[in-house]
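First comes the structure, then the notes that go with it.
The values are calculated or read from the model by the stated rules, or taken from the named source; none is laboratory data. The shown structure was predicted, so the numbers you read here are calculated from the model rather than taken from an experiment. Ideal geometry is used to build each Cβ from the backbone, glycine not excepted, and the neighbour counts take in all protein chains shown. Accessible surface areas use protein heavy atoms only, side chains included; no ligands, DNA or RNA. Shrake-Rupley method; radii C 1.70, N 1.55, O 1.52, S 1.80 Å.
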Amino acid sequence: MRMKEMVRRTGVHERLLRYYEQQGLLTPDRLPSGYRIYGESDVETVRRIRCLLAAGLPTALIAQVLPCIRADDEHLVRTCPDLLAQLRREGERITRAIEDLQTSRAILDTIITAAPSGGTETLRACASS
């Protein structure tokens with residue numbers, strides 16, 4: 001299928017499909033004219049890429065993970081055990097980022113809800129952090 005059909009089937013913009021190709025995540029065939037031709041398996045690959053991106057993985061890690069997962073009754077199954085440590089580290093990084101965001105949100109909520117008399121104290125506390 002051509003690019004337009006791939007966009008329609010995946011809901012992913014042409015620019016992103018080209019970016020995935022540049023990152024080595026997607027390898028469509030090429031016609032002599034240079035047009036990209038995608039196969040049915042590429043549709044599933046794009047869905048996996050989107051899923052892994054939504055999980056917070058960077059494209060460099062996705063390039064390593066993609067060859068190591070397969071579909072098994074609608075679930076992704078890990079097939080490269082050596083990636084497990086790297087995926088655990090990535091999970092820990094995401095957990096730290098979530099904790100940092102929760103702390104930021106708590107500070108923001110405190111500032112938003114601070115009474116006029118308490119607002120100055122809250123801002124001073126933030127300035128000393």
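Only one of the numbered conditions (1) aliphatic (A, V, I, L, M); (2) touching a residue at least 40 places away in the same chain (Cβ under 8 Å); (3) assigned to a helix (DSSP H, G or I) is violated by V7, and that is (2).
The residues of segment 10-19 that are in a helix (DSSP H, G or I) and either surrounded by 14 or more Cβ atoms within 10 Å (Cβ to Cβ) or in contact with a Pro (Cβ under 6 Å, 6 or more places away or on another chain) (or both), listed by number, are T10, L16, L17, R18, Y19. Quick one: is I62 of a type outside the set (D, E), in contact with a strand residue (DSSP E or B) (Cβ under 7 Å, 6 or more places away or on another chain) and either touching a residue at least 24 places away in the same chain (Cβ under 8 Å) or surrounded by 13 or more Cβ atoms within 10 Å (Cβ to Cβ) (or both)? So I62 does not fit the description; no. Restricting to segment 26-55, name every residue that is under 22 Å from I94 (Cα atoms) and either of a type outside the set (K, R) or open to solvent by 80 Å² or more (accessible area, probe 1.4 Å) (or both). Residues satisfying the conditions are R47, I49, R50, C51, L52, L53, A54, A55.
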